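Engineer: One structure follows; several queries about it will come next.
Computed from the coordinates by the stated procedures, all read-outs in this text should not be read as laboratory data. If you're wondering where the values come from, they're calculated on a predicted model, not measured in any experiment. Cβ placement follows ideal geometry from the backbone for every residue including glycine, while neighbour counts extend to all protein chains displayed.
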Ligand code: 2AM
């Protein structure tokens, strides 16, 4: 099963991100992420067997996480897959540390795939037809988080859906 670790936005922020996705879609085209799929990936684990997935569920359910805040104030794009995203203008040390902590633990559990560079972002569009961000609305949002979710990406021929399997505890 395909798994990843992510932050899931609280409902009010999800609505704000959805409105930004609408604005981006009107200008850039492509495929707009549904509101219920919006997230910040912390670690993409790829295909994981059932036994390893059960081990990860147990690990995540017992992890504690200090609360944090992430400032979202910039548009960005990944040219190859035509991704339009929102993220932070400045690097976020707390997210970088969280990413490092998670990958350190994952590698200790035999998982691989840590990216060479981590760019925290929330994907709003995929396969966008136009990637210029000039016209897009300014934003300055704050994401308050206190848990990481282990999410199953279900790709069964219908639209891809995300199902949370485990959550960290607040410390
Ligand atoms: P994204 O963060 O740019 O949107 C589930 O697929 C999540 O993991 C998505 O958010 C996805 O991209 C992210 N991800 C990171 N690396 C990936 C990869 N190699 N294949 C698929 N998804 C990946």
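Engineer: Counting only residues that are assigned to a loop (DSSP other than H, G, I, E, B), within 13 Å of the ligand (Cβ to nearest atom) and under 16 Å from the mean Cα position of the chain (by Cα), how many does the range 82-123 have?
Structural biologist: Number of matching residues: 7.
Per-residue answers, yes or no, for (1) surrounded by 11 or more Cβ atoms within 10 Å (Cβ to Cβ); (2) touching a strand residue (DSSP E or B) at 6+ places or on another chain (Cβ under 9 Å):
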| residue | (1), (2) |
| --- | --- |
| 78 | yes, yes |
| 86 | yes, yes |
| 108 | no, no |
| 122 | yes, yes |
| 140 | no, yes |
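Engineer: Tell me, which strands (runs of 3 or more DSSP E) wholly within the range 1-77 include 2 or more residues that are more than 13 Å from the chain's Cα centre (by Cα)?
Structural biologist: On the way: elements: 2-7, 40-47, 68-72.
It comes to 40-47, 68-72.
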